[in-house]
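Trainee: Let me give you the structure first, and then I'll get to my questions.
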Amino acid sequence: MAVAIDQHFLDCLDQWAASSDHVEPGATDLALVAYLDYFDAQLQSRHLDFAARWLQGQGQGFYTIGSSGHESNAAVAMALRPTDPALLHYRSGGFFAARAAQVNGSTPIRDVLLGMAAAADDPISGGRHKVFGHPGLNILPQTSTIGSHLPRAVGVAFALERAARMGQELRWPEDAVVVTSFGDASANHSTVVGALNATAYCTHRGLRLPILLVCEDNGIGISTKSPKGWVAAALSSYPGIGYEAADGANPEEVIATAREVATQVRENRRPAILHLKTVRLMGHAGSDAEVAYRTPSEILRDYDRDPLLATAKLLLDRGILGVDDIRKLYESMRERVMAQAHEVCSAERLTTASSVMEPLTRTRPEAVRAASIEAPPDAERQIAKKRPEDQGQLTLAQSINAALADVLATWPQTMLFGEDIAAKGGVYGVTRTLSKRFGIARVFDTILDEQTILGTALGAAVSGLLPIAEIQYLAYLHNAEDQLRGEGATLGFFSNGQYANGMVVRIAGLAYQKGFGGHFHNDNSVAVLRDIPGLVLAVPSHPEDAPALLRACVALAKEEGRVCVFLEPIALYHRRDLHTDGDDLWTAPYDNPDSWSEAPAVVGRVGTYLFGRDLLIVTFGNGVAMSLRAAAALGLLGITCTVLDLRWLNPLPVADLLDHVRQFGHVLVADETRRTGGVSEGVVTALVDAGYDGVLRRVTSEDSVIPLGPAADAVLLSEGDIIAAARGMFDWVGAALTLNTSSEETIL
């Protein structure tokens, strides 16, 4: 296919040379000179596609999804500024070339080729993927094929305007326009539809959203055709979003329309869609046998809509270039690209796990620790009617509320948002009074769409704000988890640490709610969060630890650009007692900021309760309270226990865990999540890998969805399960047990 479209272009030049119905070169209209820049970007993109196929044939290239037929998107870059943040579709090669031409010193040909060759010198991903991205060009790298980058793009546009209300400066200019592109097939994806809906919703609410959404419509998604008229009907129907269409085979139209739409978005700070009609040449990718689902006549018809031919014809007809000039430019670009393609064949590639993972494993522990104990200005704390340390014993919900207030007071770039968190203060009251205290610019409600909530956080974070987003229930996260997996935690990886989106996602979750249940409100599935490299997952259990844990997560987001999930056990939010009514053992005073440096929540450091020597119970979340009650019962049988709270579930605190485990001959992992895919699998595996040779058991909830009502007790881990598992680990003789019954120090 590369040979065919290449030869077709050259054949057309021969035909034009044989005719005499064109203007001789020599036109002096300077307004037409822009078409030369446009053509240069198109030529560069096309020959890079040819080089991709050549590199693949040499065994030196690993990416062949090209931009051929889409080169008219160069007009979009020319209509914008190089300081406008761009999140691009994977066929936006023309845009990348035209944007690079706006920045002196850019080397777009080499940059793209290094990405195709997975070379360690690739300036954006460092050899981890071929993406269109570059911090010097303000192009954020995207690997999405389904438009999952659009919620983030909307978030960047939202942040541009919200930052001004917050008095914060971002990495983008105040008058910047966000541009994002996607394909016609992706326009049907729920992620794209959700992003467009959120854009329309914000506009309806009167919020300014300077975003240009470009649909590159080639009429086919791999092999499935878009129904005629459907994309235009869908995209033009969103209220409050401007809509303009342009034909990529008409250079004058596309350049003029792109310039007009971009200007409108910049000046009016309102969103617009540019529906760019394109064609797809050379198939979906190098491995795509296009003839399996398209007729030869269909493929050849697209050749006549080649945007390079259209621009070349315009240059010829306007007398800007002659046929020989066009041919020289075409072949000259081929030579430039292929010369550099030969060079990248010898490029070094990543060869070790440590080098591949380096963006994921970079840490700044001292900076994180310093940030986690940074106290808010006293004047900010005095605004509250009563400081949290003066309020006596706090529940888990109250301690998290106080910690959020201190975070908001410490860092003015922090914003807190989610469903029902402002006036209502959250379903469980955890964010109560925060919107009133810090204002709706910083603490605000969102629409009911988890993709939009996370996308807003991703866009705000990469722009320079510090977002804390709330997902109302753990089960609701599963509607949008790709925003964390495919967009959030991977940005640093695919940008080699040059871009980061440090953010905290608060999620109310886990099970054991009484009187309000069912699987959507009692969800113990955390496997997806533990399976994302680079993502940090923390679970507080006691109000004494929760504030420091939350501050540690915020510090990780701020100093290391981490995506942190703070999973809050709903059933423990308002608990006050542990063993008996009125014992108040599940409350704690809030620490005065002056004491924060004495016991910070160190990332990867576990917590311990009780100090028995016979059995170590490893647990987290709701399991901590259950294990403490179980330990009390086991103590009556002569089995003394230490209860270890993991606190950090991703990555697991293996080093600190092993330091404790080695002191015990018996270890029981009490896991409230499921037996398959649950936390205990990772814990037990870590201990076995480390050579632990004591008695090791685990007890978990069942592999079941959690039902409504009392039936939930049949499938969830219970205190009785923990006690039974612990007793089974020791040898009994009648009712007597010979054990080391050394004394315990009771903490709770």
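Trainee: If ALA375 meets every condition in (1) surrounded by fewer than 21 Cβ atoms within 10 Å (Cβ to Cβ); (2) assigned to a helix (DSSP H, G or I) apart from one, which number is that one?
Mentor: All conditions pass for ALA375, except number (2).
Trainee: Would you tally the residues in segment 419-447 being within 28 Å of THR203 (Cβ to Cβ), in contact (Cβ under 8 Å) with a residue 40 or more places away in the chain and crowded, with 20+ Cβ neighbours inside 10 Å?
Mentor: The total comes to 4.
Trainee: Next up: Starting from residues that are surrounded by fewer than 24 Cβ atoms within 10 Å (Cβ to Cβ) and among the acidic types (Asp, Glu), keep the ones in segment 451-498 and report whichever is nearest to ALA153 (Cα to Cα).
Mentor: So, considering only residues that are surrounded by fewer than 24 Cβ atoms within 10 Å (Cβ to Cβ) and among the acidic types (Asp, Glu), the one nearest to ALA153 (Cα to Cα) is ASP482.
Trainee: Still on this structure: In segment 344-371, which residues are of a type in the set (A, V, I, L, M, F, W, C), out of contact with any helix residue (DSSP H, G or I) (no Cβ under 7 Å at 6 or more places or on another chain) and closer than 20 Å to ILE532 by Cβ?
Mentor: ALA353, VAL356, MET357
Matching residues to (1) among the charged types (D, E, K, R); (2) surrounded by fewer than 14 Cβ atoms within 10 Å (Cβ to Cβ); (3) within 26 Å of GLN44 (Cβ to Cβ):
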{"position": "ARG205", "(1), (2), (3)": "yes, yes, no"}
{"position": "LYS228", "(1), (2), (3)": "yes, yes, no"}
{"position": "PRO251", "(1), (2), (3)": "no, no, yes"}
{"position": "ILE255", "(1), (2), (3)": "no, no, yes"}
{"position": "ASP288", "(1), (2), (3)": "yes, no, yes"}
{"position": "TYR303", "(1), (2), (3)": "no, no, yes"}
{"position": "LEU309", "(1), (2), (3)": "no, no, yes"}
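Trainee: I've got another one for you. Is it the case that HIS666 is under 29 Å from ASP531 (Cα atoms) and not acidic (Asp, Glu)?
Mentor: Details: under 29 Å from ASP531 (Cα atoms): yes; not acidic (Asp, Glu): yes.
When the stated conditions are applied, HIS666 passes them.
Trainee: Does segment 218-226 include one or more residues that are under 18 Å from ARG81 (Cβ atoms) and in the same structural domain as THR83 (by TED's automatic domain parsing)?
Mentor: Of segment 218-226, the ones under 18 Å from ARG81 (Cβ atoms) are none.
Scanning segment 218-226, I find no residue that is under 18 Å from ARG81 (Cβ atoms) and in the same structural domain as THR83 (by TED's automatic domain parsing), so the answer is no.
Trainee: Please go through segment 456-477 and pick out each residue that is closer than 18 Å to HIS521 by Cα, touching a strand residue (DSSP E or B) at 6+ places or on another chain (Cβ under 8 Å) and not hydrophobic (A, V, I, L, M, F, W, C).
Mentor: Listed by number, the residues that qualify are GLU470, GLN472, TYR473.
Trainee: If only one of ILE421, ILE453 is of a type outside the set (Phe, Trp, Tyr), touching a strand residue (DSSP E or B) at 6+ places or on another chain (Cβ under 6 Å), closer than 19 Å to VAL505 by Cβ and outside any loop (DSSP other than H, G, I, E, B), which one is it? Spell out the reasoning first.
Mentor: Details: ILE421 fails: outside any loop (DSSP other than H, G, I, E, B).
Of the residues listed, the single one that is of a type outside the set (Phe, Trp, Tyr), touching a strand residue (DSSP E or B) at 6+ places or on another chain (Cβ under 6 Å), closer than 19 Å to VAL505 by Cβ and outside any loop (DSSP other than H, G, I, E, B) is ILE453.
Trainee: Kindly establish whether ARG629 is more than 30 Å from ASP482 (Cα to Cα), out of contact with any helix residue (DSSP H, G or I) (no Cβ under 6 Å at 6 or more places or on another chain) and not small (Gly, Ala, Ser). Show your work before the answer.
Mentor: Values: more than 30 Å from ASP482 (Cα to Cα): yes; out of contact with any helix residue (DSSP H, G or I) (no Cβ under 6 Å at 6 or more places or on another chain): no; not small (Gly, Ala, Ser): yes.
Considered against the rule, which asks whether it is more than 30 Å from ASP482 (Cα to Cα), out of contact with any helix residue (DSSP H, G or I) (no Cβ under 6 Å at 6 or more places or on another chain) and not small (Gly, Ala, Ser), ARG629 comes out as no.
Trainee: Go through (1) touching a Cys at 6+ places or on another chain (Cβ under 8 Å); (2) assigned to a loop (DSSP other than H, G, I, E, B) one by one and return the number of the condition GLY635 breaks.
Mentor: (2)
Trainee: Of the residues ALA245, ALA198, which is modelled with pLDDT of 95 or more and over 26 Å from ILE453 (Cα atoms)? Working first, answer last.
Mentor: Values: ALA198 fails: over 26 Å from ILE453 (Cα atoms).
That would be ALA245, the only listed residue that is modelled with pLDDT of 95 or more and over 26 Å from ILE453 (Cα atoms).
Trainee: Wholly within segment 197-312, which strands (runs of 3 or more DSSP E) include no fewer than the required count, namely at least 1 residues that are over 30 Å from the mean Cα position of the chain (by Cα)?
Mentor: Details: elements: 211-217, 242-247, 272-277.
Once the strands (runs of 3 or more DSSP E) in segment 197-312 are filtered for at least 1 residues that are over 30 Å from the mean Cα position of the chain (by Cα), what remains is 242-247.
Trainee: Please tell me if THR587 is crowded, with 19+ Cβ neighbours inside 10 Å and in the same structural domain as ASP390 (by TED's automatic domain parsing).
Mentor: Here the answer is yes, as THR587 does meet what is asked.
The values are calculated or read from the model by the stated rules, or taken from the named source; none is laboratory data. In this text, all values refer to a predicted model and were calculated from it rather than measured experimentally. Ideal geometry is used to build each Cβ from the backbone, glycine not excepted, and the neighbour counts take in all protein chains shown.
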